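Novice: Structure in structure tokens, see below.
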Amino acid sequence: MTAWTAHVTVATVVEKDGKFLFVEEHTEGVTHTVFNQPAGHVECGETLIQAAIRETMEETGYNVEIESLLGIYTYTPPMFSDRTYYRFCFLARDVEHYPDAKLDTDIVGAVWMTVDELIESARARSPLVTKAVKDALSGQKYPLSLVYEHQNSPLISNLDA
């Protein structure tokens, strides 16, 4: 029996002119590509916000500014009951696009779509992808001050300053 594992992840919801930034990607256990928000695991020494900015750049070539917390979501994929994803999802705005940025190897590319186009594709990576966009469209958002990250790591700036 495989041990259960918690996965701490981040995702960004970026909207511009009625469309949302998604990544088309290959993922474990699926034969076709799927759409996801720019998202990924928090690495050692990172804050949640630093991870969200880094993942968005690595997967889309967009530098973003995190504006607010959209929500905290959990998901245990049916095909992988040995893991649960704890997803901290942020609202962000794009600051600058680097079209020649080298993207992560499992990423096909960045795509701007409406929520209807995402639903019609039937290729959302998980139910959290659609849920996050619908939450953003409903106006849901929380101040970043809701997230307090006390770290002793020299890699993380003092958030109390």
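Novice: Suppose the Debye formula is applied to equal point scatterers at every Cα of the range 31-79; what is log10 I(q)/I(0) at q = 0.14, 0.15, 0.17 Å⁻¹?
Specialist: These q points yield log10 I(q)/I(0) values of -0.44, -0.50, -0.63.
Novice: How compact and how long is the range 76-129, expressed as Rg and Dmax of its alpha-carbon atoms in Å?
Specialist: Over the range 76-129's Cα set, Rg and Dmax evaluate to 14.4, 38 Å.
Novice: Continuing with the same structure: What is the sum of charges around Gly29, taking Lys and Arg as +1, Asp and Glu as -1, for the other residues whose C-beta is under 12 Å from the C-beta of Gly29?
Specialist: Result for the local shell: +1.
Novice: Right, something else. Sequence neighbours fewer than 8 away in the same chain don't count; with that in mind, list the lysines whose C-alpha is under 22 Å from Lys131.
Specialist: Excluding near neighbours in sequence, the set is Lys16, Lys19, Lys141.
Novice: Please identify every one of the trypsin sites (Lys or Arg not before Pro) in the range 58-112 that sits in a loop by DSSP and has no more than 10 other beta carbons within 10 Å of its own beta carbon.
Specialist: Lys102
Novice: Got a number for carbon plus sulfur as a percent of the chain's accessible area, 1.4 Å probe?
Specialist: Ligands and nucleic acids excluded, carbon and sulfur reach 54 percent.
Novice: Tell me, what is the per residue accessible area of the range 1-154 in Å², probe radius 1.4 Å? Walk me through the numbers before you get to the answer.
Specialist: Values: 8290 Å² over 154 residues.
Accessible area per residue: 54 Å².
Novice: Could you work out the local net charge near Leu70, counting Lys and Arg as +1, Asp and Glu as -1, over the other residues with Cβ closer than 14 Å to its Cβ?
Specialist: In short, +2.
Novice: Okay, moving on. Highest GNM mean-square fluctuation, the chain, Cα pairs closer than 10 Å: which of Ala11, Ala92, Ala122?
Specialist: Ala122
Novice: For the chain, what proportion of DSSP beta bridges, expressed in % and rounded to the nearest 5, is antiparallel?
Specialist: 70 percent
Novice: So which residue, out of Gly61, Gly109, Gly40, gets the largest mean-square fluctuation from a GNM of the chain using Cα contacts under 10 Å as springs?
Specialist: Answer for the Gaussian network model of the chain: Gly109.
Novice: If R₀ is 25 angstrom, what is the calculated FRET efficiency for the pair His7 and Ser121, using the beta carbon separation as r and rounding to 0.05? All intermediate terms of the calculation are to be shown ahead of the outcome.
Specialist: Numbers: r = 25 Å, r/R0 = 0.98.
Here the calculated transfer efficiency is 0.50.
Novice: Which part of the range 37-69 falls in the paramagnetic zone of Asp94, meaning amide N under 19 Å from the point 7 Å along Cα-to-beta-carbon?
Specialist: Under cut-off, by backbone N: 37-40, 52-68.
Novice: Continuing with the same structure: Quick one: if you stick a label point 7 Å off each Cα along the C-beta vector at Asn63 and Glu28, how many nm between them?
Specialist: 3.3 nm
Novice: Specify the residue with the greatest mean-square fluctuation among Glu28, Glu65, Glu120, computed from a Gaussian network of the chain linking alpha-carbon atoms under 10 Å apart.
Specialist: Top of the fluctuation ranking is Glu28.
Novice: Also: Taking only C-alpha pairs under 8 Å that are 6+ residues apart, what is the relative contact order of the chain in percent? Can you show the working numbers first?
Specialist: Numbers: 317 pairs, mean separation 47.6, N = 161.
Relative contact order for the chain comes out at 30 percent.
Novice: Rg and Dmax of the chain over Cα atoms: what are they, in angstrom?
Specialist: Using the Cα atoms of the chain, the pair Rg, Dmax is 15.5, 48 Å.
The values are calculated or read from the model by the stated rules, or taken from the named source; none is laboratory data. These numbers were taken from a predicted model, which means no experiment stands behind them. For neighbour counting, all protein chains shown are included, and Cβ atoms are generated from backbone atoms with ideal geometry for every residue, glycine included. Each accessible area value is taken on the protein alone, full model and side chains, heavy atoms only, with ligands, DNA and RNA left out. Shrake-Rupley method; radii C 1.70, N 1.55, O 1.52, S 1.80 Å.
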